[in-house]
Amino acid sequence: SFLIGSLAGGAGFLLNWAFVTGRIAGSLATLSLAYCLASSFSCWFDCASIVTNLHNFHGHPDTGLVLGVLKAFNGLGASVFAQLEAGLIAPNESLYLFLLPFVV
């Protein structure tokens, strides 16, 4: 499940980058399909990580704590990337789209 999400997200983000930089010509429908692939990554990753951690900590009294830490780190990683993007690559939108599949 994680592999499916990673491949779909990477393909979607790279297609978005290729559309924005003009390497691929496409219509609004193809751009929307690429964005749909890219945005599905977070749902697949979230589901896979929750199921894996529930399986690993099955019956443990701190299962809720484990899931809380998992969600906190997920949000913390996004905020760190947002700050790096704002400070380092803000004027270059195509570089931002290119780095998304590798960072996320």
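The values are calculated or read from the model by the stated rules, or taken from the named source; none is laboratory data. Keep in mind that this is a model prediction, so the values were computed, not measured. Note that we place each Cβ from the backbone using ideal geometry, even for glycine, and neighbour counts take in every protein chain shown. The accessibility values were calculated without ligands, DNA or RNA, using every heavy atom of the protein model including side chains. Shrake-Rupley method; radii C 1.70, N 1.55, O 1.52, S 1.80 Å.
Structure data summary
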read-out: Hits in region 45-102 (condition: hydrophobic (A, V, I, L, M, F, W, C), touching a helix residue (DSSP H, G or I) at 6+ places or on another chain (Cβ under 7 Å) and modelled with pLDDT under 80); value: Phe45, Phe81, Ile89, Leu97, Phe98, Leu100
read-out: Flag for Ala34 being out of contact with any helix residue (DSSP H, G or I) (no Cβ under 9 Å at 6 or more places or on another chain), at pLDDT 85 or above and not β-branched (Val, Ile, Thr); value: no
read-out: Among the residues listed as Gly75, Gly87, the single one being exposed (fewer than 12 other Cβ atoms within 10 Å of the Cβ), more than 22 Å from Gly9 (Cα to Cα) and not hydrophobic (A, V, I, L, M, F, W, C); value: Gly87
read-out: Subset of region 68-104 (residues that are in contact with a Gly (Cβ under 9 Å, 6 or more places away or on another chain) and outside any helix (DSSP H, G or I)); value: Val104
read-out: Residue check, Cys47 part of a helix (DSSP H, G or I), touching a residue at least 40 places away in the same chain (Cβ under 8 Å) and exposed (fewer than 15 other Cβ atoms within 10 Å of the Cβ); value: yes
read-out: Residue ID - least open to solvent (accessible area, probe 1.4 Å), chosen from residues in region 1-42 that are among the aromatic types (Phe, Trp, Tyr) and more than 15 Å from Ser94 (Cα to Cα); value: Phe41
